[in-house]
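So the structure is just underneath, and the comments pick up after that.
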Amino acid sequence: MRKPVRLNVVDRVIHFFNPSVTPRRIQARAAVSMAEGAGYVAFGSGRRSMRGAFATAKSADKDTIPKIESLRASSRDMFMNSPVATAALKRARTNIVGIGLALQCRINREFLGLTDEAAEEWEQKTEREFELWASSKDCDITRVQNFYDLQSLALLSTLMSGDCFVALPYKPRPNMPYDLRIRLIEADQVSNPFMQMDTDKIAGGVEVDSDGAPVKYYISKQHPGGFSIVYEWVPVDVYSGITGRRQVYHLFDRERPGQRRGIPMLSPVIESLKQITRLSESELMASVVSSFFTAFIKSNAGSGDVLADGFASTEKISDADARADDANVYEMGHGSIVGLNDGEDVVLADPKRPSALFEPFFNAVVRQIGASVEMPAELIMLHFTASYSASRAALLEAWKFISMKRSWLEYEFCRPIYEEWLYEAILKKRIDAPGYISDPAAQAAWSGSAWTGQGQGQLDPVRETQAAILRVKNNLSTYTAETAAIAGDDWQTMIHSRSREEKILNEKGLNAPAATATPTPQNTAEPAPPADDTNSKTRDQEDAE
């Protein structure tokens with residue numbers, strides 16, 4: 001039933017002087033009311049629940065670039081001072097990169113007309129040459145980190161600041177056959193020259209063409225938050241005008257069409273992080289204070305301010321003789337027993353700390369933060385107290401995020417750098433790849449690669465290994481996929497290593513029959529309980545308890 005339109009004060013005044021206008025005003029208001037009640041409910045719709053909420057539709061750049069500096073500063077402050085923020089970013093970095101994504105060459109041997117033996121020989125030689133460069137700190141323009149450390153730094157900087165820029169200059173160095181270097185540029189150093197206002201052409205230090213494609217980055221030689229007070233901007237073309245090869249790579253997660261700069265991963269939860277950090281600090285301080293101020297002296301003698309007169313200063317308390325001579329000195333301590341004078345009483349403080357409601361509220365907020373950054377709260381806090389099934393589900397959801405970000409890092413950082421390195425290796429004739437320089441199709445065939453990182457890990461190794469075996473036997477997966485998921489290793493490399501190990505064991509006469517896992521009972525997916533443990537329980541029984 002539609003709510004009737006009532007006359008307000010203005011309507012009544014107008015009706016008094018001109019009654020003929022009132023029906024038209026009522027009709028217009030009824031039409032507006034019907035329009036507001038139809039469709040989606042948005043900010044400013046007139047609903048009581050939406051009062052005080054307003055929003056304006058803006059472009060991606062206008063929504064992000066004016067606020068980007070404060071977002072970066074807030075995100076970094078949270079990373080430095082909020083344990084939850086530090087855990088979220090570092091946990092993402094550790095799981096995505098870990099000890100580094102390793103190169104596995106995957107050339108298209110059919111297109112290149114190579115035999116399996118020739119292809120494997122080329123891949124092994126290329127991986128060996130790349131490792132010579134990647135494992136050395138000479139690959140870093142600052143000579144501080146190797147290629148795998150730079151992966152970690154690039155990812156963490158992108159998550160914390162919103163984006164990161166990668167330049168690939170050439171600089172010869174002694175005892176290093178390759179001249180390619182990696183220069184990571186923090187997000188703050190890319191900005192409009194001389195702090196000029198943003199325009200459709202240049203905004204956030206990024207100049208675009210008529211199609212919206214970046215053509216130039218304006219990079220400050222000095223960090224705007226550094227010690228220098230004089231700044232100089234260098235315009236750098238995205239693509240070289242001589243070779244046509246890309247010179248600068250921009251690492252960021254683009255969320256809207258036309259977006260030029262990225263925003264920190266913690267941006268949606270900065271307020272929640274700040275409040276939960278304040279709450280934790282307040283609760284901690286209250287608990288510390290309550291642990292020391294355990295009793296108050298209540299005097300009936302009216303001798304003045306007990307807190308001012310009854311407690312000695314720091315200097316006086318440090319003097320044992322002064323304490324012994326002063327009858328009004330009362331020392332507080334852990335488990336102290338103090339003798340009182342006549343007319344004095346003890347009132348114990350009961351601050352109700354720690355609060356019983358703190359932990360449930362804290363965990364609820366952390367779950368919201370985890371949902372926003374796509375990291376389960378269990379993984380952020382490294383606190384697995386739920387059942388096996390719940391913990392497994394949390395890790396599987398986290399693995400989706402980890403796999404997506406690992407693939408992003410591979411295509412945005414690892415592969416471009418590897419292809420640039422391979423280009424130099426071929427020009428210097430350390431690697432032979434016919435057609436790579438002149439034919440784009442051959443270039444794609446020679447530069448194929450895969451980047452493997454640490455495995456997902458296992459909560460129940462026996463059960464999950466049996467599941468992997470079943471997937472492979474039923475053609476639902478491959479040895480390569482399962483080896484990468486379980487151990488983070490390359491299956492072919494693992495097979496070669498196992499062959500060498502078996503050969504050495506056979507030569508030494510140490511090869512024993514392979515141990516077999518306890519067979520799984522028929523018509524059940526559960527692994528059999530250990531034969532020597534009659535009191536063991538299945539995982540589902542533990543979950544039920």
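Things to note:
- With a simple spin-label model that places each label point 7 Å from the Cα along the Cα-to-Cβ direction, the separation between residue 404 and residue 15 comes to 5.6 nm.
- For the peptides 10-18, 106-114, the ranking by mean Cβ contacts within 10 Å, running from highest to lowest, is 106-114, 10-18.
- Vicinal HN-Hα couplings computed from phi for the range 265-271 (Karplus, 6.51 cos²θ - 1.76 cosθ + 1.60; Hz; Gly/Pro x): 4, 7, 3, x, 10, 4, 5
- Estimated FRET transfer efficiency when R0 is 30 angstrom, pair residue 374-residue 58 (beta carbons, to 0.05): 0.75
- Each residue of the range 6-11 was assigned a 3J(HN,Hα) from its phi angle through the Karplus curve 6.51 cos²θ - 1.76 cosθ + 1.60 (θ = phi - 60°); the sequence is 9, 7, 8, 4, 5, 4 Hz, with glycine and proline shown as x.
- Remark: spin-label model distance residue 29-residue 167 equals 6.6 nm, labels positioned 7 Å along the Cα→Cβ axis.
- Contour minus Cα-Cα distance for residue 356 and residue 472 (0.36 nm per residue): 36.8 nm
- From the alpha carbon centroid of the range 104-118 to that of the range 366-425 is 31 Å.
- Rounded to whole numbers, the Karplus 3J(HN,Hα) couplings from phi for the range 155-171 are 5, 4, 5, 5, 5, 7, 9, x, 7, 8, 10, 10, 9, 10, x, 10, 8 Hz, using 6.51 cos²θ - 1.76 cosθ + 1.60 with θ = phi - 60°, and x at Gly and Pro.
- Per-pair calculated FRET efficiency, R0 = 45 Å: residue 69 and residue 283 via Cβ, rounded to 0.05: 0.90
- Sparse-neighbourhood loop sites, trypsin sites (Lys or Arg not before Pro) in the range 167-269 - DSSP loop, at most 12 other Cβ within 10 angstrom: 201, 221, 245
- Label-point separation, residue 195 to residue 411 (7 Å along Cα→Cβ), nm: 3.9
FYI, it's all coordinate maths here, none of it is from the lab. What you are looking at is a predicted structure, and each value in this text was computed from that prediction instead of being measured. Here Cβ is always computed from backbone atoms with ideal geometry, including for glycine, and neighbour counts include all displayed protein chains.
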